[in-house]
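These notes concern the structure reproduced below.
Please treat every number below as a calculation from the coordinates, not as lab data. None of the values given here were measured: they were computed from a predicted structure. Neighbour counts run over all protein chains shown; Cβ positions are idealised from the backbone, glycine included.
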Amino acid sequence: MSFLRELVCSKCGRRYLPAERPLICRSRDLGRLDVVYDYEELKEFLSRDALSRRPWAGGVWRYWELLPAARELGAPLNEGLTPLICARRLNEHVGLRRMWLKDETRNPTGSFKDRSMAVGVAKAVEMRMETVVTASSGNAASSLAAYAASLGLKCYAFVPEEVSIGKAAQLLTYGAKLFRVKAVEEGRDPTVQLMLKAVEAFGWYPCPSFGPFNPYQVEGPKTVVYEVAENLGWRFPDAILVPTGSACFLAGIWKGVRDLVELGLVGDDLPKLIAVQPEGNQPLVRAVRGGLSLGEVEPERSPRSIASGLLDPYPWDGDAAIEGIRRTGGTGVSVSDAEILDAVRLLANRAGVFAEPSGAVGLAAAMRLRDEGFFDESDELVTVVTGSGLKEVERLVSTVGEIPLITPDLEQLRVYVES
Ligand SMILES: Cc1ncc(COP(=O)(O)O)c(C=O)c1O
Ligand SMILES: [Zn+2]
């Protein structure tokens with residue numbers, strides 16, 4: 001049974017039947033094929049009670065009626081269903097009493113991208129594709145590699161020259177073929193350029209984690225919002241802070257919010273959606289703050305930040321993200337590398353959550369917005385922690401100082417304990 005009705009191009013409005021299984025708009029306009037469900041029919045199946053009675057299991061497929069691929073084809077990796085943590089020691093320290101951490105580091109490959117790839121790869125199997133390909137800073141690629149391995153598909157991944165070793169090691173161990181791709185033009189992502197050429201030449205299935213090249217995977221991350229609303233007793237928090245690169249995650253979260261409202265599962269008191277980018281790559285934040293549309297957004301010429309997962313020079317799904325931010329009264333925030341590292345440390349030593357820099361920007365932004373008076377102490381926030389610190393140990397270990405080397409001698413230890 002499927003509740004999928006059609007796919008509609010976000011740029012030209014061209015419509016596709018689900019049975020055509022389109023990936024890219026035939027008008028070649030880089031529009032995203034937005035998936036449309038039959039909400040009226042869905043309402044008969046999806047009540048709060050019906051959902052709450054389901055076991056907290058089965059990964060993103062717990063919400064299979066709202067996903068565009070067949071659940072029986074999905075990998076058994078159990079992504080999603082991550083904890084919503086109220087970290088009291090952290091909250092007291094930052095002066096945000098009602099902040100929750102949505103801990104996406106617990107996903108099978110250590111980032112929220114598993115939600116995307118669970119759906120994207122199930123669709124590849126449905127389409128009888130044998131080889132999948134992606135362009136990514138690392139997390140989406142290692143996730144794709146894991147899901148491809150689980151289901152027996154071949155995987156090619158194009159990543160930036162400076163890819164983190166943790167992500168590369170993960171990818172290669174899952175058995176993917178990995179290529180670092182050199183940049184040749186400012187403001188153009190060389191990994192995306194090569195992925196498109198390979199799709200054209202070899203007929204591979206494109207599965208990057210942004211919408212214009214694969215409309216199915218976009219639907220996976222929205223399950224984060226379903227989980228949050230359900231955990232809070234079928235209501236939204238006041239705001240959700242989202243680490244943002246291509247803006248696919250934010251676009252998905254906006255879709256998830258609309259799904260829940262359309263289905264009458266949650267009232268229409270919408271959560272403010274907050275896009276967070278690093279200062280060294282903030283095209284979407286500039287657009288939000290400057291009142292621009294996506295068409296007016298200039299790609300960042302040379303993105304730079306310790307948050308290596310947030311360096312997409314162009315926010316491919318910025319149209320939907322900007323709409324979500326404006327319609328919910330949200331905003332965009334950029335944070336410095338120093339603020340990001342501070343947030344990494346606070347998450348670890350006050351909440352016990354080990355995040356990579358890209359995963360910690362939400363906390364940095366929450367603190368910034370509290371200082372600016374956008375939030376007050378009693379606002380209920382959900383900060384999404386998107387990726388694990390184990391992905392970037394080489395970057396993080398350089399920030400924590402020397403590790404003492406001593407003999408098993410109490411006097412040597414005492415020097416450190418008492419200093
Ligand atoms: C850890 C982490 N957080 C956030 C993002 C940003 O997601 P999006 O590109 O969908 O905006 C990424 C993307 O690679 C990521 O790896
Ligand atoms: Zn189109």
Exercise for review: Place a +1 charge on the Cβ of each Lys and Arg in the stretch 198-349 and a -1 charge on the Cβ of each Asp and Glu, then give the dipole magnitude about the Cα centre in debye, rounded to the nearest 20.
Suggested key: 160
**Study point:** the chain: angle of helix 318-328 to the longest principal axis, Cα-based, in degrees nearest 10
**Key:** 80
Point to revise | Mean Cβ count within 10 Å, highest first, over the residues of peptides 71-81, 301-311, 171-181 | key: 301-311, 71-81, 171-181
Point to revise | Mean separation of Cα contacts under 8 Å (6+ apart) over length of the chain, as relative contact order % | key: 17
Review point. What is the set of long-range amide H partners of ILE85 at a cut-off below 5 Å, with H atoms built 1.01 Å from backbone N?
Key: LEU101, LYS102, ASP103
Revision key, fill the gap. For the stretch 1-128, the Cα-Cα pair-distance distribution in 5 Å bins from 0, as whole percents, is 2, 10, 14, 16, 17, 15, 12, 7, 5, 3, 0
Check your understanding: Going toward the positive end of the dipole of the chain, with +1 on Lys and Arg Cβ and -1 on Asp and Glu Cβ, which of GLY330, VAL8, ALA183 do you reach last?
Key -> VAL8
Review point. Trypsin sites (Lys or Arg not before Pro), restricted to the stretch 18-63: which are DSSP loop and have at most 16 other Cβ atoms within 10 Å?
Key: ARG26, ARG28
Review point. How long are the three semi-axes of the equivalent ellipsoid for the chain, computed from the Cα gyration tensor as the root of 5 times each eigenvalue, in whole Å, largest first?
Key: 33, 26, 22
Point to revise | Cut-off under 5 Å, modelled amide H: who pairs with GLY330 long-range | key: LEU273
Review point. Within a Cβ distance under 10 Å of LYS167, other residues only, what is the Lys/Arg minus Asp/Glu net charge?
Key: -1
Check your understanding: By average Cβ neighbour count within 10 Å, what is the ranking of 240-251, 104-115 from highest down?
Key -> 240-251, 104-115
Revision key, fill the gap. Most exposed to least, judged by fewest other Cβ atoms within 10 Å, TRP204, TRP254, TRP56 sort to TRP56, TRP204, TRP254
Study note, to complete from the structure: Here the alpha-carbon Rg of the stretch 118-269 over 2.2 N^0.38 Å rounds to 1.14
Check your understanding: Counting only the backbone N, which residues of the stretch 106-130 are under 17 Å from the spot 7 Å out from the Cα of GLU72 toward its beta-carbon?
Key -> 122-128
Check your understanding: In debye, nearest 20: dipole of the stretch 37-105 around its Cα centre with unit charges on the Cβ of K, R (+) and D, E (-)?
Key -> 580
Study note, to complete from the structure: Checking rank on 133-146, 224-237, with mean other Cβ inside 10 Å and highest first, the result is 133-146, 224-237
Point to revise | Dipole magnitude (debye, nearest 20) for the chain, charges at Cβ of Lys, Arg, Asp, Glu | key: 800
Check your understanding: Restricting the count to DSSP beta bridges whose residues both fall in the chain, what percent are antiparallel, rounded to a multiple of 5?
Key -> 25
Practice item. Show that you can apply the helix-only estimate: for the chain, add -39,500 (n - 2.57) for every DSSP H stretch of four or more residues, divide by all residues, and state [θ] at 222 nm to the nearest 500. Key: -11000 deg cm²/dmol
Point to revise | In nm, spacing of pseudo-spin labels at SER293 and PHE202 (7 Å Cα→C-beta vector) | key: 3.8
